[in-house]
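Reviewing the structure listed below.
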Amino acid sequence: MFDLSQGILSLQAYLLLAAFLFCIGVWGLINSRNAVRVLMSIELMLNAVNLNLMAFSSYLDGNLIRGQVFAVFVITVAAAEAAVGLAILLSLYRNRVTVDMEQFNLLRW
Amino acid sequence: MPEMGALLLVTQTSTAPGELLNLALNAGAVAPEGCVLIAMLGTLLVDLIGEQTAARWAPPICYLGLGSALILLALQWDAPLEPSFLGAFLADKLAIAFRAVVALSTLLSLLISWRYAKQSGSPAGEYAAILLAATLGAMLLCGATDLVSVFVSLETLSVASYLLSGYMKTDARSSEAALKYLLVGSAAAAVFLYGASLLYGISGTTSLASIGISLSNSPTPLAALALVFILSTVAFKIAAVPFHQWTPDVYEGSPTPVVAFLSVGSKAAGFALALRLLVGCFGAFDTQWKLLFTVLAILSMTLGNVVALAQTSMKRMLAYSSIGQAGFVMIGLVCGTEDGFAAMVLYMAAYLFMNLGAFACVILFSIRTGSDRISDYAGLYQKDPLITLGLSLCLLSLGGIPPMIGFFGKIYLFFAGWADHQYLLVVVGLITSVISIYYYISVIKMMVVKEPKEASEVVKTYPPIQWSNVGMPSLRFALLGCVVFTAIGGILSNPLFQWANNTVIGTPLLQQAIAMSNHQSLG
Amino acid sequence: MTIATSTELICFLVLSTVIVLGSLGVVLLENIVYSAFMLGGVFMAVAGLYLLLNASFVAAAQVLVYVGAVNVLIIFAIMLVNKREELKPIKGLRLRRIVSGAVCIGLLVLLVRVAIITPWPLPGPIAIGEEATARIGEHLFTDYLLPFELASVLLLMAMIGAIVLARRDVYDSELLAGDDMKEGLIEQTPTPLLVDKSSP
């Protein structure tokens, strides 16, 4: 396996990629009109966080790899959240027959 | 200071997890949560047998679980303080106090929800199980001392709250509230996680105490960024302006007993989280987060109380009022003195009873009439004196009128703020209190002063009062309990003051922060 | 530059290109089905980066959970709520997109700048490499035991709650005479508690 401390790839490369992914997620969160796409944007943000955690774990905490454990928990919770999100979306779709965020205005947003 | 950080990293990484296997878990600290968990599983099991059995046995199982959790919490009060689960959880007095508030709020919310669930046709067994899971998450959040535990317990609370707010699935407004809550809440969780990952990167550990030490050694711009991320999530959880937009919608759309839990239990857990993270972890950024929280508190008090004036729906008015109330509690957080923290604990305990009492009355009114509009309460005192009296007392207490318990809580908060020279906060708090009294009184005036012929259509066709239906006796019990405590709690407030002060004295985390701020002000 | 480092660099560049283009596709493509498949591609590429970071267990978990469960769930969601709907145009949408884009670029610049100027305590301790899976197991049963147990409660609760919300109730009022339906599945027709009188 490669020796990471000697490698050309630095920690920063991973952090930059994660920051980019996070910002794309934020943009999608604000601008998506389809509720499913909002869910997807949130998954992008969570993946950015995981990338951060894994990079830190590998470069700065290589012995104890607590970041990897944290990432496993994030993956678990994200799956639960996605399942609940789908259930709520289905339940709402039965009542409203739309997924357009702008139409969800029974309650003032 | 890279050398310093590297040194710190070496000292922290000396123990491999394999060697930790021999250490004591000290798992007795989470025995109250164990009771809640057993009650949750019991509720699910009786729910498998059938709808009738669940309706019969779920309530006593829940009462038993939550009651024994409260008793175990009381027994923990004087136990020696030891970190449990190898540093993932700490049952200090602060955690015990906030866990008691959470468990009690669940107990009271359950008492008032059986009739509501029955009438709206929702399955009660799963409802109770999910509410107990939310309680479990909130209670563990109050004592979690590790970023991973904080995250998982926060998400348990949040996911359960999303499910609960969408529980009336035939009502489009409930589903819509749940979807909005889910999307905003998951985004907030992702932002929290980004901040948490930065903290992990700075310190190389997930324990809050170690992160606090490493932040005080090297306060970098990265740490400030992590503070902003984490603070926005905390502000979301306690619904501080400008992170409050979800609150009125979720409160209006969700089933009312769920709102009762969210406005007290979830908020108490949020404040415990704020104390753990900001006081325990960001001690090095004391001035920065206090400044940010001052701004949040002023905005919350002003906007919450002013917008509440214009509301026509009772639930929406209580939602905005709860935003304002959170602003008052933040005064104690900003002070950072012994009195400030004690006032926070005291006010949360008082808020538990007065807010749940108000919600019990609102639920009873909506069960009997199906209405939620403030104008429909006109002339109610002739038809239903109990609701009128209970709601009046609770609203007066929320507004801070003596001799209710809310008055003592609020005066203690303002006193603590004044003693710590937070004059701006206290003045804004006083002015907005007066505004809040105005809209609370206008509801009371609506109920009491109107002539019989001016009564609303809903009140004119008011059904005869019955207490014999399923779930009504428990609702009456909760209502009377809350109202009586709100009314006479003020007279008996001395033991409560003692309790709140003991909480702060017995919590090493808060004592350290107080000592540090004293040191700063002297030097 | 040795073969190992250049291979690593090439892998990283390919995977990060997939992530950048895929994530842009997720938020920008008109057709939501394409977005969902793009999302799957992003998940796979992120798993590849985990392999590059010597984390084979998390990479496997990423593929199994994100691609196998979350992405499939999302595609199911798209199919179940699939109705071609013409989104009504809103005024100021373009302006909103540009402003939020500027905000996001600002955030990106901030994050990038902070990530670069921070003095990371490099190099960290020696990586344990392939023993990572065993180490994760040790963590889960020592210092992360509490969140591990709580995660099981979270999953149980999410499962039950999702079933309760997504289940289609059969109401006694909708039931045709002669249908053989199990009694337990039939629920009472609920009456809405709070009638919204303001809107028709």
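Roughly speaking, to the nearest percent, how much of chain A's 1.4 Å accessible area is carbon and sulfur?
Numbers: 1480 of 2690 Å².
That fraction is 55 percent.
Compute the long axis of helix A:35-60 from its Cα atoms, compare it with the longest principal axis of the Cα atoms of chain A, and write down the angle in degrees, 0 to 90, nearest 10.
10 degrees
Averaged across B:94-104, how many Cβ atoms of other chains sit within 10 Å of each residue's Cβ atom?
Values: counts 0, 0, 0, 0, 0, 0, 0, 0, 0, 0, 0.
What the average comes to for B:94-104 is 0.
Which FRET efficiency value, to the nearest 0.05, is calculated for B:Gln498 and B:Ile431 with the Förster distance at 22 angstrom and r the Cβ-Cβ distance?
Working: r = 31 Å, r/R0 = 1.41.
Once rounded, the FRET efficiency stands at 0.10.
Work out the mean other chain Cβ neighbour count within 10 Å for the residues of B:114-127 and drop it here as an integer. Walk me through the intermediate numbers first.
On the way: counts 0, 0, 1, 1, 1, 4, 5, 9, 4, 4, 0, 2, 6, 2.
Whole-number average of other-chain Cβ neighbours for B:114-127 is 3.
In nm, what is the difference between 0.36 nm times the number of residues separating C:Asn82 and C:Ala134 and their Cα-Cα distance? Please report the intermediate quantities before stating the final value.
Details: separation 52, 0.36 × 52 = 18.72 nm, distance 4.36 nm.
Stretched out fully, the C:Asn82 to C:Ala134 stretch lengthens by 14.4 nm.
Contact order normalised by length for the stretch B:166-300, with contacts defined as Cα pairs under 8 Å and 6 or more residues apart; what percent is it? Don't skip to the end; give the middle numbers.
Numbers: 133 pairs, mean separation 43.9, N = 135.
Relative contact order, the stretch B:166-300: 33 percent.
Which whole-number percent is the relative contact order of chain B (Cα, under 8 Å, 6+ apart)? Mind dumping the intermediate values first?
On the way: 845 pairs, mean separation 81.1, N = 523.
Relative contact order for chain B comes out at 15 percent.
Points 7 angstrom from Cα along the Cβ direction at B:Leu64 and A:Arg96: gap in nanometres?
Rounded to a tenth, the inter-label distance reads 4.2 nm.
So how much accessible area does B:Ser218 have, in Å² to the nearest 10, using a 1.4 Å probe?
30 Å²
Please compute the modelled spin-label separation between A:Ser10 and C:Phe141, points set 7 Å along Cα→Cβ, answer in nm with one decimal.
So the two model labels end up 4.1 nm from each other.
Give me the summed buried accessible area for the A-C pair, 1.4 Å probe, to the nearest 100 Å².
On the way: alone 8400 and 17270 Å², together 18030 Å².
About 7600 Å² of accessible surface is lost on pairing.
Tally the DSSP beta bridges in the protein assembly as shown and give the antiparallel ones as a percent, rounded to 5. Write out the running numbers ahead of the final one.
On the way: 6 of 8 bridges.
Counting only bridges with both partners in the protein assembly as shown, antiparallel ones make up about 75 percent.
Using a Förster distance of 25 angstrom, determine the FRET efficiency expected from the C-beta separation of B:Ile71 and B:Val484, and round it to 0.05.
Values: r = 21 Å, r/R0 = 0.86.
Calculated value: 0.70.
Determine the per residue accessible area of the protein assembly as shown with all protein chains present and a 1.4 angstrom probe, expressed in square angstrom. Numbers along the way, then the final one.
Numbers: 30640 Å² over 832 residues.
Per-residue accessible area for the protein assembly as shown comes out at 37 Å².
For the interface of B with A, what's the total buried accessible surface in square angstrom, probe 1.4 angstrom, rounded to the nearest hundred? Could the numbers behind the result be given before it?
Details: alone 20440 and 8400 Å², together 24960 Å².
Using a 1.4 Å probe on protein heavy atoms, the buried area is about 3900 Å².
Which distance in nm do the two modelled labels at C:Leu28 and B:Leu389 give, with both placed 7 Å along the Cα-to-Cβ direction?
6.8 nm
The stretch B:428-523: which chymotrypsin sites (Phe, Trp or Tyr not before Pro) are DSSP loop and have at most 15 other beta-carbon atoms within 10 angstrom? Display every interim value, and only then the final one.
On the way: sites: B:Tyr438, B:Tyr439, B:Tyr440, B:Trp467, B:Phe477, B:Phe485, B:Phe497, B:Trp499; in loops: B:Trp467.
Listed in order of number, the matching sites are B:Trp467.
Give me the number: length gained by fully extending C:Leu21 to C:Arg113, i.e. 0.36 nm times residue separation minus the C-alpha to C-alpha distance, one decimal in nm.
Details: separation 92, 0.36 × 92 = 33.12 nm, distance 2.23 nm.
Going from the current span to full extension adds 30.9 nm.
Sorted from largest to smallest, which semi-axis lengths in Å does the alpha carbon gyration tensor of the stretch B:429-512 give for its equivalent ellipsoid, taking the root of 5 times each eigenvalue?
For the stretch B:429-512, the semi-axes come out at 38, 22, 11 Å.
Measure up B:Lys118/B:Lys169; B:Lys383/B:Lys445; B:Lys290/B:Lys410; B:Lys180/B:Lys237 against 18 Å on the Cα-Cα distance and list the ones that go over. Before the final figure, lay out the partial values.
Details: B:Lys118/B:Lys169 14 Å; B:Lys383/B:Lys445 15 Å; B:Lys290/B:Lys410 20 Å; B:Lys180/B:Lys237 14 Å.
Distance filter (> 18 Å) returns B:Lys290/B:Lys410.
How large are Rg and Dmax for the stretch C:41-147 when calculated on the C-alpha trace, in angstrom?
Values for the stretch C:41-147 (Cα only, Rg and Dmax): 20.9, 57 Å.
Once both axes come from the Cα atoms, what is the angle between helix B:221-237 and the longest principal axis of chain B, in degrees from 0 to 90, rounded to 10?
Its long axis makes an angle of about 20 degrees.
If you roll a 1.4 angstrom probe over the protein chains with everything in place, what fraction of the accessible area of the stretch B:29-158 belongs to carbon and sulfur, to the nearest %?
Taking all protein chains in place, the stretch B:29-158 shows 71 percent carbon and sulfur surface.
How large is the translational diffusion coefficient of the protein assembly as shown in µm² per second when you combine the Kirkwood radius over alpha carbon pairs with Stokes-Einstein at 20 °C and 1.002 mPa s? Numbers along the way, then the final one.
On the way: Rh = 27.4 Å.
This corresponds to a translational diffusion coefficient of 78 µm²/s.
Quick one: compute the contact order of the stretch B:297-441, relative version, from alpha carbon pairs under 8 angstrom and 6+ residues apart, as a percent. Don't skip to the answer; put the middle values down first.
Details: 186 pairs, mean separation 46.3, N = 145.
Contact order relative to length: 32 percent.
Of chain A, which part is the longest with no trypsin sites (Lys or Arg not before Pro) in a loop (DSSP not H, G, I, E, B) and with at most 16 other C-beta atoms within 10 angstrom?
Details: sites that count: A:Arg33, A:Arg108.
Here the longest segment lacking exposed loop sites spans A:34-107.
Would you mind computing the Rg to Rh ratio of the stretch B:99-234 from its alpha-carbon coordinates, Kirkwood style for Rh? Provide the component values of the computation, followed by the final result.
Details: Rg = 18.0 Å, Rh = 16.6 Å.
On the Cα set of the stretch B:99-234, Rg over Rh gives 1.08.
Which FRET efficiency, nearest 0.05, do C:Ala69 and B:Asp78 yield, Cβ-Cβ r, R0 51 Å?
Working: r = 47 Å, r/R0 = 0.91.
The pair C:Ala69/B:Asp78 has a calculated efficiency of 0.65.
Checking an interface number: how much accessible area is buried between B and C, summed over both chains, with a 1.4 Å probe, in Å² rounded to 100?
Values: alone 20440 and 17270 Å², together 33290 Å².
What B and C bury together is about 4400 Å².
Between helix B:493-505 and chain B, what is the angle of the helix's C-alpha long axis to the longest principal axis, kept within 0 to 90° and rounded to the nearest 10?
Roughly 20 degrees between the two axes.
Trypsin sites (Lys or Arg not before Pro) within the stretch C:22-106: which are DSSP loop residues with at most 15 other Cβ atoms inside 10 Å?
C:Lys83, C:Arg84, C:Lys91
The values are calculated or read from the model by the stated rules, or taken from the named source; none is laboratory data. Only a predicted model underlies this, so the values are computations on that prediction, with no experimental measurement involved. Reconstructed Cβ throughout: ideal geometry from the backbone, glycine too, with neighbour counts over all protein chains shown. What goes into the accessible areas is simple: the full protein's heavy atoms, side chains included, and nothing from ligands, DNA or RNA. Shrake-Rupley method; radii C 1.70, N 1.55, O 1.52, S 1.80 Å.
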